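The values are calculated or read from the model by the stated rules, or taken from the named source; none is laboratory data. This is a predicted model, so every value here is computed, not measured. Glycine also receives a Cβ, built like all others from the backbone with ideal geometry; neighbour counts cover every protein chain displayed. Side chains are part of the model used for accessible areas, which takes the heavy atoms of the whole protein and leaves out ligands, DNA and RNA. Shrake-Rupley method; radii C 1.70, N 1.55, O 1.52, S 1.80 Å.
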Amino acid sequence: MLVSTDHLSKSYGRFQALTDCSLGVTPGEVFGLLGPNGAGKSTLLRLLLGFTQPTAGSAQIAGHDCHTASQAVRRNTSYLPGEARLFRRMRGAQVLDFFADLRPECSRARATSIAKRLDLDCRRQVARMSTGMRQKLALAMVLAIDCPLIILDEPTANLDPTARAEVLDLVQEARQAGRTVIFSSHVLSEIEATCDRVVILRAGRLVHEQSIAHLRQRHRISARLAQPLGAIPAELAESVTVLRQADGQIVLEAAGSLTGLLGWLAGLPLSELRIEPVGLAVVYDRYHRNADANGRPAADAN
């Protein structure tokens with residue numbers, strides 16, 4: 001694992017900002033952190049970077065302890081904070097020069113190329129840049145650094161749709177180059193389109209881990225039947241779940257290939273049929289909108 005945490009926790013007095021968090025991120029992976037404000041995402045990132053001392057547990061990046069060897073951790077990491085602060089009196093080009101000189105791993109030519117892709121005018125003074133322009137400038141600096149791990153905290157905040165799409169392309173390019181990305185976001189569609197795996201945090205706890213590849217193999221089937229549904233065939237019993245059945249309508253959830261399922265459905269007296277991917281929003285709602293006080297899905301609350 002390039003990144004690992006073991007029962008990592010952080011409290012401020014009685015407030016638990018992060019509780020018993022254990023996870024691992026493999027090299028070359030885009031790993032998503034998902035959750036609302038206050039879920040613990042930024043606390044986790046600050047602990048990984050050694051900015052904050054853990055109350056309990058531990059974390060490592062590239063074999064270095066995030067608390068006791070934080071300088072070595074940051075040498076292996078490029079970090080975009082949720083609110084990047086830049087030198088307001090400098091022009092954009094001067095900011096890029098400064099950071100390229102500060103970190104030998106930062107390619108000035110690469111930073112200029114990224115800024116152009118994001119349609120950023122680096123001749124403008126930072127103080128005269130919009131919030132979105134400053135975000136682009138920070139992204140150009142962070143993504144130009146050649147290091148094993150990139151940590152992006154809300155990288156597309158304040159960006160227009162075109163720039164958002166460009167940032168997601170840049171994340172994919174980083175993965176293709178063998179780099180690892182931790183991507184924190186509120187935007188479900190960005191996580192689903194970009195990440196290999198995602199964890200969902202709620203009130204400081206890691207409540208769910210999801211492979212995006214496995215998620216894409218899950219489908220929800222809504223149908224109207226002329227008669228009650230009989231037993232699910234034995235060969236489909238492990239992959240098909242009946243979520244709801246009432247008044248001639250049925251909702252199923254299926255995992256894996258649809259080939260056998262479609263064959264079975266074709267033999268049923270259907271008058272309506274709709275098949276759609278489950279999507280990350282459904283999973284997210286189970287742990288937030290439809291969860292109990294401990295973050296468990298409503299169906300598991302008992």
Open item on the list: Tell me whether the stretch 274-290 contains one or more residues that are in a strand (DSSP E or B), touching a helix residue (DSSP H, G or I) at 6+ places or on another chain (Cβ under 6 Å) and of a type outside the set (S, T, N, Q).
Closed with: no
- [ ] Note down all Cβ pairs under 6 Å where the first residue falls in the stretch 1-13 and is β-branched (Val, Ile, Thr), the second is part of a strand (DSSP E or B) and open to solvent by 30 Å² or more (accessible area, probe 1.4 Å), and they're at least six residues apart or on different chains.
- [x] 5/22
TODO: Pick out the one residue from 86, 102 that is modelled with pLDDT under 95 and open to solvent by 60 Å² or more (accessible area, probe 1.4 Å).
DONE: 102
- [ ] Check off (1) more than 19 Å from residue 150 (Cα to Cα); (2) not in a loop (DSSP other than H, G, I, E, B) for residue 43 and give me the number that stays unchecked.
- [x] (1)
- [ ] Just need a number here: residues in the stretch 212-228 that are within 38 Å of the chain's Cα centre (by Cα) and open to solvent by less than 30 Å² (accessible area, probe 1.4 Å).
- [x] 5
Task: Failed condition for residue 242, given (1) farther than 28 Å from residue 60 by Cβ; (2) hydrophobic (A, V, I, L, M, F, W, C); (3) open to solvent by 30 Å² or more (accessible area, probe 1.4 Å); (4) touching a residue at least 24 places away in the same chain (Cβ under 8 Å) - done: (4)
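This table checks each residue for (1) over 30 Å from residue 127 (Cβ atoms); (2) touching a residue at least 40 places away in the same chain (Cβ under 8 Å); (3) not aromatic (Phe, Trp, Tyr).
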site	(1), (2), (3)
31	yes, yes, no
42	no, yes, yes
51	no, no, no
54	yes, yes, yes
57	yes, yes, yes
60	yes, yes, yes
74	no, no, yes
78	no, yes, yes
Task: Candidate set from the stretch 116-144 (those that are outside any loop (DSSP other than H, G, I, E, B) and touching a Gly at 6+ places or on another chain (Cβ under 7 Å)); member that is farthest from residue 87 (Cα to Cα) - done: 137
